[in-house]
Ligand SMILES: Cc1ncc(COP(=O)(O)O)c(C=O)c1O
């Protein structure tokens, strides 16, 4: 539609709309000029692994070493590496829904069985310890957590994560904690890293993060795992055979991101918080629309089941999104993609004027 000249407002994408900060781009240019254009160690250049370890240690308070870090081609690659290294055929991995689209597919690719646990909007889409306990079977190997969450924007508190950690420790589960949005937390709340919450928990946890969202570097493809050293070694070996090192130039850019000025991160986070205020306020005021408390990331995940029950714009979230696109030229993502039919995801990684017009159109659509 956009190619044929229709004014489509695309609020479907999961990437910051800001340019990559200038000093990071310059570091990449300098890396090219300095000939940093060759193979690097498969797990990443030592300086970047050390910078990731130092940054994580500083922000989380949990000391980790460079040897525990493997740098990969984006956090998605890091997730795939962690699953490949840890999952055996038939292992069950508990994935709370709504979940980010790739989790279930990546787990299946590695021979695992994703066990999707629905959560409730009334609980802010947070997994409750009792539900986790009830889902455990002898085949349960791993729990996947994502906070701040894509697609819901919900942020677990330390107490909530701690209660899940207790169940995970009791059942000796591995935990993959996807913390890619850990620096996009609003209202002055601290980001909590799962691995820090109980003594010994870090032994069972793989933290996944990267530069994509924090520094608006989605295209540079740099993410990482932080985990116990023997597992990091195995992941490094796996990566060495599969892809070798992530792009050398991007690694130098990521190094500049982590070790350079951090005001850009705070500025982007403040902008997302302003947009969150706008979007959450406007959506909550629309008839029949319900949404959880958005504490971070840049998504609003809202319930449209009342509209679907009336059936005027379809009876599934995919049909509703298609009708919204056809009638009002706004692109959102159907909740069914995230294992939560009856909802839709709107990204607020877009300029305020664009969000405002998008919300006007959604409001008109909902009321028609
Ligand atoms: C929750 C979550 N994890 C991981 C990723 C992947 O990040 P990357 O672009 O670094 O591969 C995304 C990207 O959308 C995400 O939303």
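Data overview
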{"item": "Using a Förster distance of 35 Å, the FRET efficiency for residue 1-residue 36 (Cβ separation, nearest 0.05)", "result": "0.25"}
{"item": "The chain: angle of helix 46-60 to the longest principal axis, Cα-based, in degrees nearest 10", "result": "60"}
{"item": "Peptides 201-210, 106-115 ordered by average Cβ neighbours within 10 Å, highest first", "result": "201-210, 106-115"}
{"item": "Chain lengthening between residue 351 and residue 240 when straightened (0.36 nm per residue, less Cα-Cα)", "result": "36.0 nm"}
{"item": "Degrees between helix 22-33 axis and first principal axis of the chain (Cα, 0 to 90, nearest 10)", "result": "40"}
{"item": "4 °C / 1.567 mPa s Stokes-Einstein diffusion coefficient of the range 213-368, Kirkwood radius on C-alpha pairs, µm²/s", "result": "71"}
{"item": "Packing-based order for 285-292, 220-227, 121-128, using average beta carbon neighbours within 10 Å, highest first", "result": "220-227, 121-128, 285-292"}
{"item": "Alpha carbon convex hull of the range 33-87, projected area averaged over orientations, nm²", "result": "4.9"}
{"item": "Length added when fully stretched, residue 327-residue 158, from 0.36 nm per residue minus Cα-Cα", "result": "56.6 nm"}
{"item": "Spread of Cα-to-Cα distances over 10 Å intervals beginning at zero, given as percent, for the range 221-299", "result": "14, 27, 23, 23, 13, 1"}
{"item": "Per-pair calculated FRET efficiency, R0 = 45 Å: residue 293 and residue 29 via Cβ, rounded to 0.05", "result": "0.60"}
{"item": "Helix 248-259 axis, angle to the chain major axis (alpha carbon atoms, nearest 10°)", "result": "80"}
{"item": "Net length gained if the chain between residue 62 and residue 89 were fully extended (0.36 nm per residue, minus Cα distance)", "result": "6.5 nm"}
{"item": "Estimated D of the range 110-171 in µm² per second, where Rh is the Kirkwood radius over Cα pairs and Stokes-Einstein applies at 4 °C, 1.567 mPa s", "result": "103"}
{"item": "Rounded FRET efficiency, nearest 0.05, which uses the C-beta distance separating residue 123 from residue 367 and R0 of 35 Å", "result": "0.75"}
{"item": "Mean Cβ count within 10 Å, highest first, over the residues of peptides 54-63, 230-239", "result": "230-239, 54-63"}
{"item": "Rg [Å, one decimal], Dmax [Å, integer] - the chain, C-alpha atoms", "result": "20.6, 63"}
{"item": "Within the range 22-259, percent of DSSP bridges classed antiparallel, to nearest 5", "result": "30"}
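Since every read-out is calculated from the coordinates, none of them should be taken as a lab result. All of these numbers come straight from a predicted model, not from anything done at the bench. Counting neighbours? That spans all protein chains shown, and the Cβs are built from the backbone with ideal geometry, glycine included.
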